[in-house]
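Have a look at the structure below, then the notes.
Only the coordinates and a few stated rules stand behind these numbers; no lab work does. Bear in mind the structure is a predicted one, so any value in this text is a computation, not a measurement. Every residue, glycine among them, receives a Cβ derived from its backbone with ideal geometry; neighbour counts consider all protein chains shown.
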Amino acid sequence: MTALEADFDLMQSIYDISDEFYALFLGPTMGYTCGYYERAGMTTDEAQIAKFDLALSKLRLEPGMTLLDVGCGWGAGMQRAIERYDVNVIGLTLSRTQRDAAEARLARIPTRRAFDVRLQGWEDFDEKVDRIISIGSMEHYGHRKYGAFFEKTYDALPDDGVMLLHTICGFHPYEMHRRGLPLTFEMCRFIKFIVTEIFPGGQLPSAALIEEHVAKTGFTLTRTHSLQPHYVLTLESWAANLAANRDRAIEVQSQQVYDRFMKYLTGCADLFRNGSIDINQFTLEK
């Protein structure tokens, strides 16, 4: 595979297993990234909507603009953008079930604005847009694509363009040592489990690596906003939802899949809880 080919088969093997299964723990928004618990007692869905609102609020959106959502998932972020900011949206996903679900979601919104959900990777996107958002997508790219991604998104934006990049971030072993974080055999084994059984092919960036690519491209990084404690709450909520729907989850998929996801959700919560990994929203401006 060359550097600028989207990996449709791999992404569909992750996300096209069953929308019903994902809905059992994600809830109606189908937001599969860190929620934002801005007040106590928020539900899973309220925190997901707050996350989309937080991210969109950093883009300086105006009515009639066109927003590109790279890795749009099941479409809740685009829905929120249309409803709150009266913008046109273009969503990119490599998942057929996500594309279909997002199209159906947006079709229910009373709006005069245009929406277009494409089975397309950013690698093949060559249009101009006003703003870009990418939530939980970069973890799939692999470091080798970062240069091309930042160049492509930079070129797609106008002179006053803004991109919001929301991604999990890992730490270099030297940084972990500096922070006093143990790099144990158990942690390495769990990370191997994640990149082989949950998100095959995945590779986490570090904040420093993102900053390096930002500087090369010409973007200005105006804010780095960590949501680390919010992901602990998100993962705990997802795990509780999945446990509450255990029988149906096993019926829809299998005991093996249920056990795999429970291991993923509870294990990741531990990593965020002890500070071994982080999650950030990066605001990038031209």
Under 16 Å by backbone N from the virtual spin label 7 Å along Cα-to-Cβ at ASP155, the residues of segment 102-137 are 121-129
Segment 1-127 shape via C-alpha gyration tensor axes, a/c threshold 1.5: oblate
Starting from the alpha-carbon convex hull of the chain, give the projected area averaged over all orientations, in nm². 14.6
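In segment 45-75, which trypsin sites (Lys or Arg not before Pro) are in a loop and have at most 15 other Cβ atoms within 10 Å, using DSSP for the loop call?
Hits after loop and neighbour filter: ARG60.
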In deg cm²/dmol, rounded to 500, what helix-only [θ] at 222 nm does the chain give when every DSSP H run of at least 4 residues adds -39500 (n - 2.57) and the total is split over its residues? -14000 deg cm²/dmol
Within segment 136-174, the residues whose backbone N lies under 12 Å from a label point placed 7 Å from the Cα of GLU285 along the Cα-to-Cβ direction are 160-163
So the FRET efficiency between ARG39 and SER226, C-beta based with R0 = 25 Å and rounded to 0.05, is 0.85
Could you list the trypsin sites (Lys or Arg not before Pro) in segment 62-164 that lie in coil according to DSSP, counting only those with at most 11 other Cβ atoms within 10 Å of their Cβ? ARG108, ARG112, LYS128
Counting only complete DSSP H runs, which helices of the chain cover 18 Å or more along their long axis at the Cα atoms and score a mean Kyte-Doolittle of 0.0 or above? 44-57, 228-244
Please identify every one of the GluC sites (Glu not before Pro) in segment 1-88 that sits in a loop by DSSP and has no more than 15 other beta carbons within 10 Å of its own beta carbon. GLU5, GLU38
Using the charge dipole of segment 116-178 (Lys, Arg: +1 at Cβ; Asp, Glu: -1 at Cβ; taken about the Cα centre), state which of VAL117, ILE132, PHE149 has its Cα farthest towards the positive end. PHE149
Set LYS145/LYS192; LYS51/LYS263; LYS51/LYS145; LYS152/LYS192; LYS58/LYS263, cut-off 32 Å on Cα-Cα distance; pairs above it are LYS58/LYS263
For segment 117-134, what does the Karplus curve 6.51 cos²θ - 1.76 cosθ + 1.60, with θ = phi - 60°, yield as ³J(HN,Hα) per residue in whole Hz, taken in order and with x for Gly and Pro? 9, 10, 7, 7, x, 4, 4, 10, 8, 9, 10, 9, 9, 8, 9, 10, 10, 9
Return the long-range amide H neighbours of GLY91 (sequence gap of 5 or more, or a different chain), with a cut-off of under 5 Å between placed amide H atoms. ASP69, ASP116, VAL117, ARG118
